[in-house]
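Reviewing the structure listed below.
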Amino acid sequence: MKGLLAVYRKELADQFSSYRFMILFALIAMVSLITTYMAGISLRESLEGTVKPKFVFLMLFNTTGALFSLVQFVAFFGPLIGLVMGFDAINRERAQGTLIKIISQPIYRDAVINGKFLAGVTTITIMLAAIVLTITGFGLTLLGIVPGVEELARLLIYLIISICYISFWLGVAILFSIVFKSVATSALAAVALWIFLSFFVSLGASVLANAVASSHDNNQASTELLLKRAKLKENISLLSPMVLYSNASATIIDPMRNTTKSLVLMGPLERLSSSRFQNPLSLDQSVLVVYPHLVALVAITLLCFAISYLVFMTQEIRS
């Protein structure tokens, strides 16, 4: 593809030399280190004088410190990385009059959109990898525990899931930068969609599940009705990328979590039997559990980029 490498290198250089990237990276790194430090201190005090459990190193990532764990932090605020990096990817070039100049080099139009998206994904990958490696080294010093091979493999899968999740929001931001000519409008539209999908879908799922699976008589609230309501709420909540990411990352980071479902109804005898034989899932079993979620994240990311590609290729640039 002619011109793709030139656009990719130019976008990569712009990203790494911009104050926007430096401020964003410094903010994310600072909050991640503070969160990990508080989780590490809490873990060290809790485990003092006791036998350290297996996979204790992974607890650095899913233990809630003062406010939230690192996994929760990335789930809530990770989308802002993609949105900030892509909300003015195309309309800024159009407003400055540089988009026509780039295409007239000659560089094919598809090389522009492909180069911008690939450079954004590369920047996200480097940013997240640097933060995870820094936290890993920080955890070695804080806990004095060397992570095992399986723990490192789980961290690598967690990194891949996080890259897919934030890349989806990068694709959303680039799509809005193509659709809207104003930079401010595309930024507001991207933030509005993030708030709706991340916060209001879960709230709407509860309301819709209660309305569909409701009982006029409280005495008729049977176990089947509660189970139906919980399943309906969980299925609707999967429309949110944040729920997909949270379920997948929590299952990969916590080997003791046997399912991505938040509600599993069991009787007293079943619960007792389960607790007696509860063992951590192996890595391949955890991957099997989160595989549908990972495929869904990759699919919506590619779908969003495909829509951006089609809109950009058929759009009039000179206007």
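Among rounded, prolate and oblate, which fits the stretch 1-86 when a ≥ b ≥ c are the square roots of the eigenvalues of its C-alpha gyration tensor, a/c under 1.5 means rounded, and a/b larger than b/c means prolate? Prolate, since a/c reaches 1.5 and a/b exceeds b/c.
Using the rule -39500 (n - 2.57) for each DSSP H run of four or more residues, divided by the residues of the chain, the 222 nm mean residue ellipticity is -24500 deg cm²/dmol.
Between the listed residues 138, 308, 291, the Cα displaced farthest toward the positive end of the dipole of the chain, a dipole computed from Cβ unit charges relative to the Cα centre, is found at 308. Taking 0.36 nm per residue of separation and subtracting the Cα-Cα distance, full extension of the segment from residue 222 to residue 122 would add 30.9 nm. Divide the volume of the convex hull around the Cα atoms of the chain by the residue count and you get 165 Å³ per residue.
Rounded to the nearest 20, the Cβ-based charge dipole of the chain about its Cα centre (Lys and Arg +1, Asp and Glu -1) stands at 520 debye.
Net charge of the neighbourhood of residue 91, taken over other residues with C-beta under 13 Å away and scored Lys/Arg +1, Asp/Glu -1, is +2. Would you please classify the overall shape of the stretch 62-213 from the alpha carbon gyration tensor, given that a ≥ b ≥ c denote the square roots of the eigenvalues, rounded means a/c under 1.5, and beyond that prolate means a/b larger than b/c while oblate covers the rest? Verdict is oblate for the stretch 62-213. Kirkwood analysis of the Cα pair distances in the stretch 1-152 returns a hydrodynamic radius of 17.8 Å. With a simple spin-label model that places each label point 7 Å from the Cα along the Cα-to-Cβ direction, the separation between residue 207 and residue 134 comes to 4.0 nm. A simple count of charges around residue 283, restricted to other residues whose Cβ falls under 11 Å of its Cβ and scoring Lys, Arg +1 and Asp, Glu -1, yields -2. For the pair residue 239 and residue 9, label points projected 7 Å from Cα toward Cβ lie 4.6 nm apart.
Each of 46, 58, 79 was scored by the projection of its Cα onto the charge dipole of the stretch 1-108, and the greatest displacement toward the positive side belongs to 79; charges sit on the C-beta of Lys, Arg, Asp and Glu. Going by alpha carbons, how many degrees (0 to 90, nearest 10) lie between the helix axis of 223-237 and the longest principal axis of the chain? Between the helix axis and the principal axis of the chain, the angle is about 20 degrees.
Axis angle, to the nearest 10 degrees, between helix 183-195 and the longest C-alpha principal axis of the chain: 10 degrees. Between residue 313 and residue 150, full extension at 0.36 nm per residue minus the direct alpha carbon distance yields a gain of 54.3 nm. Given +1 at the Cβ of Lys and Arg, -1 at the Cβ of Asp and Glu and no other charges, the dipole of the stretch 14-121 around its Cα centre is 180 debye to the nearest 20.
Once the Cα atoms are used to define both axes, helix 4-17 deviates from the longest principal axis of the chain by about 70 degrees. Between residue 26 and residue 288, the modelled label-to-label distance comes to 4.8 nm, taking each label 7 Å out from Cα in the direction of the beta carbon.
Stretching the chain fully between residue 101 and residue 18 yields a gain of 27.7 nm (0.36 nm per residue, less the alpha carbon separation). Overall size of the stretch 63-103 from C-alpha positions, given as principal axis extents largest first: 50, 14, 8 Å.
Laboratory data are not the source of any read-out in this text; all were calculated from the coordinates shown. A quick note: this is a predicted structure, and the numbers were derived from the prediction, not measured. Ideal geometry is used to build each Cβ from the backbone, glycine not excepted, and the neighbour counts take in all protein chains shown.
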